[in-house]
Structure formats: C-alpha cells, structure tokens
1. Give the long-range amide H neighbours of residue 52: residues separated by 5 or more places, or on another chain, with amide H under 5 Å away, using H modelled in the peptide plane at 1.01 Å from N.
2. So if we plug the beta-carbon distance of residue 64 and residue 35 into 1/(1 + (r/R0)^6) with R0 = 25 Å, what FRET efficiency do we get, rounded to 0.05?
3. With viscosity set to 0.890 mPa s at 25 °C, what whole-number translational diffusion coefficient in µm²/s follows for region 125-216 from Stokes-Einstein and a Kirkwood radius over Cα pairs?
4. Calculate the tail of P(r) for the chain: the fraction of all Cα-Cα distances greater than 23 Å, expressed in %.
5. If I build a Gaussian network model for the chain, linking alpha-carbon pairs within less than 10 angstrom, which residue out of 176, 204, 40 has the largest mean-square fluctuation?
6. Check the straight Cα-Cα distances from residue 28 and name the lysines below 18 Å, setting aside those fewer than 8 residues away within the same chain.
7. Give me a comma-separated list of calculated 3J(HN,Hα) values for region 11-25, in order, Karplus coefficients 6.51, -1.76, 1.60 applied at θ = phi - 60°, integers in Hz, x for any Gly or Pro.
8. Using just the Cα positions, wrap region 154-199 in a convex hull and report its mean projected area in square nanometres, one decimal place.
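Each reported figure results from applying straightforward, stated rules to the coordinates on display, with no laboratory input. Source: prediction; values computed, not measured. As a convention, Cβ positions derive from the backbone with ideal geometry for all residues, glycine included, and neighbour counts pool all protein chains shown.
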Amino acid sequence: MNVTTAPTENVWTIVVAAGSGARFGGPKQFSMLGDRRVLDWSTETAHGVSAGVVVVLPANDADREGGVVGGDTRSESVRRGLAAVPADATIICVHDAARPFASAHLYREVISQVHRGADGAVPALAVTDTIKQVNALNVVVSTLDRSTLVAVQTPQAFNADVLRAAHASSPEGTDDATLVEQLGKQVVVVAGEVMNRKLTTPEDLEWARAMTRTES
Ligand code: C5P
C-alpha cells in the first residue's frame, strides 16, 4: 500500500463499472482513452493507493476482467463489491470508473480525512451555475442559494464499518455519502478536481481524449 497519509490503515477501493451507459449509448468503461481503456485509468490509480481493489462489472465482462458482477443500480453494484472486500479493511473508497482522471492525491485527501476520524469524505467543487428547482412542467419553483451547494465527485472514502452499516438495509442513492448521511454520520468535503469530470455523454469522452492528447 502506498498511502503515506494513513500508513496504519488497510485501505481497499471498490471501482464501480457495471453501468450500461444508457446516456452514453453503450458501455463507456471499455472505450479507449489514449493508450488504454477508461476502466484501466480508473483501476490503475486505485491500485496505487489501496491494499486491494475490487472491480464491479457487467455480468458478461466480470469473468474476463477478474471482477465481480454488478447489480441493477449503482448502490446494488457497490454492495456486491463490498461483499468481496476483506473483513479487515479499515477504510473503503468507492470510485466511479466513469471518472478516469481522479488523481492519487485526491484519494489521499479523502483517505486522510477518514484516517483522522471522519466517517466519510468526498471531493466536491463549488457550483458556479445558478441552480433552480423546476416542476414536471419545467416551470421554475425556486432558486437555490448556490453558496451553500457543492457538486460531489468520487473517490469517496469511508470508515469501513460505517459504509457496511450504511448499506445494511439495501438503500438506494446516487452516491455512497448519501447513505452514510442517512445514518446521521459525518461526511466531510475536500477540494475536488476540475479534471475529475464524469464521462456521461460521448462529448465527455471526446473532451477526455483531447485532454490525453494535450498531456502527452
Ligand atoms: O449512472 P451513474 O452515473 O450513476 O454511474 C456511476 C458509476 O456507477 C459508473 O462508473 C457506472 O459504471 C456505475 N454503475 C454500476 N452499476 C449500475 C449502475 C452504474 O456499477 N447498475
């Protein structure tokens, strides 16, 4: 393990990559990005900062890639990954494979917060757009105070016992921090990274490919 901020911890990372890519139009985790696939970028960084990595994949791909089979929802996929994490893990990170540029530094930041006592830690960026709530007819209902809002990323790190407890009743959420918050536990925010964009649409993949060309 290469976690200089938390040498006494047994850090494991779950990389969730079992989505069907409905908004993308296919399984984007296997798309090429520079010299390797989106999934490879995500798992390589995770390996650098973790004692072990569990990769959660669609049923057709799990055997070939040496991963575990995911579920119908992101939360269910995380639970299947959790089942493969050793019982003696002390900190568990969860990362979306769809964020290939998350840095090792970012992992260390969230891991460090949990090592120092937080139940969970997430990266986030300030919101720069004005955010409005709309109803089903697309009519504005209210305007939120963006100074109190942040846009949350992965990797998210958790005390292992807390993450297991948060998933015990099989709840659903768009990230794991939501489930930990629902237990009344403390989740802290660290500075996110602009490059840590989630690849959701084909345009996002084009952006990521342009970034790899710029960097090389
Ligand atoms: O769809 P969403 O943006 O929430 O996906 C975030 C991450 O969760 C992606 O990396 C995707 O592959 C993963 N996921 C999963 N199992 C699902 C749905 C999404 O592992 N059933």
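1. Here the answer is 13, since their amide H atoms fall under 5 Å of that of residue 52.
2. E(calc), rounded to 0.05, equals 0.80.
3. Calculated translational D: 151 µm²/s.
4. Distances greater than 23 Å cover 47 percent of the Cα pairs.
5. With Cα springs under 10 Å in the chain, the top fluctuation among 176, 204, 40 is at 204.
6. 198
7. For region 11-25, the Karplus curve yields 8, 10, 10, 9, 9, 8, 9, 9, x, 8, x, 4, 6, 8, x Hz.
8. Result: 3.8 nm².
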